[in-house]
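**Student:** Take this structure, written in structure tokens, and hold onto it; I'll ask about it next.
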Amino acid sequence: MRMHKQHLSMFSVESTAEMAAKIYETMTHNLEVARRRVRKPLTLADKVLLGHLHDCESQELEPGRSYLSLRPDRVVFQDVLAQTGMLQFMQTRRDKVAVPTTIHCDHLIQARVAGEADLLASLEENREVYDFLRSAAARYGIGFWQPGAGIIHQVVLENYAFPGALIIGTDSHTPNAGGLGACAVGVSGADAVEVIAGLPWELLYPNHIAVYLTGQLNGWTAPKDVILYVAGELTVSGATNAIVEYIGPGARTISATGKATICNMGAEIGATTSLFPADERMASYLKATAAFAPWAFACSVISAARLMSS
């Protein structure tokens, strides 16, 4: 389920249909400008990135060379980098974060004995850290996921990701959200702090790699076999400074969680991130997990599909 957590903010920390609609409206405007300037077809990754440009009129747009100034829709912190992140953010003297932000307490929990015992041990060992992060979250309008509430990249998939969203996170598994059509990138703590302080995020304009899928999984095959095959072809660095897009009729046969598995392992080939286009599988997942207006989330997928295919 899409769960609730502690937050206090001038905007909603949650992902809502209204938020998605506003993002798509901005993307539509930015892409009109980008298409006029680029004068060539855009890939899915292009549409998401260029749709989030800070200044679409003057931004240089050369893949592999230009540094894009982008406006992410969401920032997520794991509990290790959130500590220095909050200390740095305090120096800005802002009253609230500039974009929807969440802190997820999962990295400090060490696997030693068993789930419950390890959680209790972490609560005792890291009490001061958790108390600091909880109070900082309440002070600056940040969502707070306490220890035991879930692993950061899965929580993001289940509660915040949707097609076309641009998400950055201080966790290497952030690309997991590509399973729901989000462009989700793992970043440093410094990058994350700049965005929550209201500054654009700079990214080297990624190159493009398309994986065209046909047929469907059968027998003992699983989504993981797809990315393992791709990794065998590209090796550990073959997708460096590139976004991998999974397209074709075969992509539409894979479940949203299966897509997430494939995107999650994109880090193993050096990819900036990986993503799938919006489809009915994503709509079904969002409809099943959204606590607020499930039908509206499904409609957001249809809106995203239209925007990304135009």
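Every read-out reported here was derived from the displayed coordinates using simple, explicitly stated rules and does not represent laboratory data. Everything numeric here is computed off the predicted structure, so don't read it as measured data. Note: ideal-geometry Cβ built from the backbone for every residue, glycine included; neighbour counts use all protein chains shown.
**Student:** Is the shape of region 207-292 rounded, prolate or oblate, going by the alpha carbon gyration tensor and its root eigenvalues a ≥ b ≥ c, with a/c under 1.5 for rounded and a/b larger than b/c for prolate?
**Tutor:** Here region 207-292 falls in the prolate category.
**Student:** Taking the Cα-to-Cβ direction at Leu87 and at Ser284 and moving 7 Å from each Cα, how far apart do the two end points lie in nm?
**Tutor:** For the pair Leu87/Ser284, the computed spacing is 4.8 nm.
**Student:** Starting from the Cα of Ala197, step 7 Å along the direction of its Cβ; do the same at Glu124; then give the gap between the two resulting points in nm.
**Tutor:** 3.9
**Student:** Quick one: grab the alpha carbon gyration tensor of region 32-164, order the square roots of its eigenvalues as a ≥ b ≥ c, and give me rounded if a/c is under 1.5, else prolate or oblate depending on whether a/b is larger than b/c.
**Tutor:** It is prolate, given that a/c is not under 1.5 and a/b is the larger ratio.
**Student:** In addition: Give me the number: length gained by fully extending Lys96 to Ala149, i.e. 0.36 nm times residue separation minus the C-alpha to C-alpha distance, one decimal in nm.
**Tutor:** Stretched fully, the Lys96-Ala149 segment lengthens by 16.7 nm.
**Student:** Starting from the Cα gyration tensor of region 121-197, take the square roots of the eigenvalues, sort them a ≥ b ≥ c, and report rounded, prolate or oblate (rounded when a/c is under 1.5, otherwise prolate if a/b is larger than b/c, else oblate).
**Tutor:** Since a/c reaches 1.5 and a/b is larger than b/c, the shape of region 121-197 is classed as prolate.
**Student:** Need the list of aspartates and glutamates near Lys40 for cross-linking: C-alpha distance under 13 angstrom, and skip anything on the same chain fewer than eight residues off.
**Tutor:** Hits, sequence-local ones excluded: Glu32, Glu62.
**Student:** In region 32-81, what trypsin sites (Lys or Arg not before Pro) fall in a loop by DSSP, with at most 11 other Cβ atoms inside 10 Å?
**Tutor:** Answer by residue number: Arg39, Arg65.
**Student:** Considering the zone a paramagnetic label at Leu217 would reach in this model (a point 7 Å from Cα along the Cα-to-Cβ line), which residues of region 250-272 have amide N under 13 Å from it?
**Tutor:** Residues 251-265 qualify, since their backbone N sits under 13 Å from the label point.
**Student:** Right, another one. Using a simple spin-label model with points 7 Å from Cα along the Cα→Cβ vector, what separation in nm is obtained for Ser237 and Ala138?
**Tutor:** Reported label-point gap for Ser237 and Ala138 is 4.8 nm.
**Student:** At a 10 angstrom cut-off on C-beta neighbours, averaged per residue, how do the peptides 14-26, 157-169 rank from highest to lowest?
**Tutor:** 157-169, 14-26
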